[in-house]
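Remarks on the structure that follows.
The values are calculated or read from the model by the stated rules, or taken from the named source; none is laboratory data. Quick caveat: nothing in here was measured; it's all calculated off a predicted structure. So basically every Cβ, Gly included, is an ideal-geometry build from the backbone, and we count neighbours across all protein chains shown. To get the accessible areas, we keep the full protein, side chains included, count just its heavy atoms, and leave off ligands, DNA and RNA. Shrake-Rupley method; radii C 1.70, N 1.55, O 1.52, S 1.80 Å.
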Amino acid sequence: MPEFRLAEAGVAGKTIAIKAGHSGHDPGAVRDGVYEKELVHDVAVRTKERREQGGTEVILTRSGDSYAELKERARLANEAGADSFVSIHANAASADGSETYCFVTNAEKAVDMKKSSFRNEAANAIYLGLNEYH
């Protein structure tokens, strides 16, 4: 299992808002027992814990499985004075862009996505990406 690596503290002292995609009645992508809303919430919480270790204030725009519209989540981030807004998704299609996409192609990959090591790698990638951005 890859260990979490602390990177240079480029976002120390900053406020980062993290939006874990989907929630409540909107499960997002569902494949082979993996629910996007559960996966991305777990990754968001892990990212928050790691960023806070590096001196970053982190605002999660949802707790648990509570549903909120994007507009409400953006309002929370703006009110907190967030320097960055990160939206985490595990979509069911591949694409290019600033979002990290994970396409579950088979049941074996779905098993991997349920593992703590996969979620740690995802949180670490976001952590490092925030450092590169700032």
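Can you name the residue in segment 21-38 that is open to solvent by less than 80 Å² (accessible area, probe 1.4 Å) and acidic (Asp, Glu) and is also nearest to the chain's Cα centre (by Cα) among such residues?
Filtering segment 21-38 for residues open to solvent by less than 80 Å² (accessible area, probe 1.4 Å) gives 21-24, 26-30, 32-34, 36-37.
Okay, now just the ones that are also acidic (Asp, Glu), so 26, 32, 36.
Values: ASP26: 17, ASP32: 20, GLU36: 11 Å.
The residue in question is GLU36.
Can you tell me which residue in segment 51-72 is surrounded by the fewest Cβ atoms within 10 Å (Cβ to Cβ), limited to those that are of a type in the set (D, E, K, R) and under 14 Å from HIS41 (Cα atoms)? If you could, list the steps in order and put the result at the bottom.
Filtering segment 51-72 for residues of a type in the set (D, E, K, R) gives 51-52, 57, 62, 65, 69, 71-72.
In the following step, the residues that additionally are under 14 Å from HIS41 (Cα atoms) were identified as 62, 65.
On the way: ARG62: 21, ASP65: 15.
Only one residue tops the list, namely ASP65.
For a quick check of your reading: which helices (runs of 4 or more DSSP H) sit entirely within segment 35-123 and have at least 2 residues that are modelled with pLDDT under 85? Spell out how you get there, then give the answer.
Working: elements: 36-53, 70-79, 107-113.
Per the criteria, 107-113.
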